[in-house]
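> Please read through the structure below; I'll follow up with questions.
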Amino acid sequence: MKWDEVCKDSLLQDLPYKIELNEWGNIVMSPASNRHGNLQTKIAFYLMSHMPDGTVLTECSVDTTKGVKVADVAWVSAAFLQRNRGTTPYVEAPEVCVEIQSPANSDAEMADKRSVYFARGARECWLCDEDGKLSFFSRQGKMDRSQLFPAMPARIEAEA
């Protein structure tokens, strides 16, 4: 299956799942809890509040060597938008890709997602666990804090 087919398929609209494609074009679905959505919103709000010259996207699709992956939250610069405006999925990864890990996601799966985002040009990948703890990664590995957003807290408090 191709990503544009997924986007146009009326049977796949309004599902309570995050949809991605694996490297063979098979649909992969992950259920999202209300807590997941709350963490996603808080991270997006923080990014919008602290880097006004870029744009924040939720459910940002990226065409990778392992299928279409969908970052829960992404931050893109104006230059990125100029290069990629109107493209779905993006052929390059946003500067910051954030994944909120659900119980169905293994650490190996999250590491694999980071590697395909970095291979497509991401500068940082963040991982938020279910307790709201953030981990920051560059191509070189784990960082103490984000280099692009150094004031980003290491924990997000979720209400849901």
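Since every read-out is calculated from the coordinates, none of them should be taken as a lab result. Keep in mind that this is a model prediction, so the values were computed, not measured. Neighbour counts run over all protein chains shown; Cβ positions are idealised from the backbone, glycine included.
> Might you report the magnitude of the Cβ-based charge dipole of the chain about its Cα centre, with Lys and Arg at +1 and Asp and Glu at -1, to the nearest 20 debye?
So the dipole magnitude of the chain works out to roughly 400 debye.
> Let me ask something additional. Just the C-alpha atoms of the chain: what Rg/Rh do they give, with Rh taken as the Kirkwood radius?
Rg/Rh: 0.93.
> Something else now. Once you put a point 7 Å from the Cα of Glu157 and another 7 Å from the Cα of Asp112, both along the Cβ direction, what distance in nm separates them?
For the pair Glu157/Asp112, the computed spacing is 3.7 nm.
> Work from the charge dipole of the chain (Cβ charges, +1 for Lys and Arg, -1 for Asp and Glu, about the Cα centre) and give the residue of Val96, Gln147, Ser33 farthest towards its positive end.
The one lying farthest along the dipole's positive direction is Gln147.
> Total Lys pairs in the chain closer than 20 Å by alpha-carbon, pairs eight or more apart in sequence or interchain only?
The number of close lysine pairs in the chain is 16.
> Let me ask something additional. Which residue, Arg123, Arg85, Arg35, tops the fluctuation ranking in a GNM of the chain built on C-alpha contacts under 10 Å?
Its mean-square fluctuation being the largest, the pick is Arg85.
> Still on this structure, I have one more. In Å and whole numbers, how far do the C-alpha atoms of segment 73-160 stretch along each principal axis, longest first?
Computed over the Cα atoms, the extents are 35, 30, 28 Å.
> Can you give the extra length, in nm with one decimal, that the chain gains between Ala104 and Arg85 once fully stretched, where that is 0.36 nm per residue apart less the Cα-Cα distance?
3.6 nm
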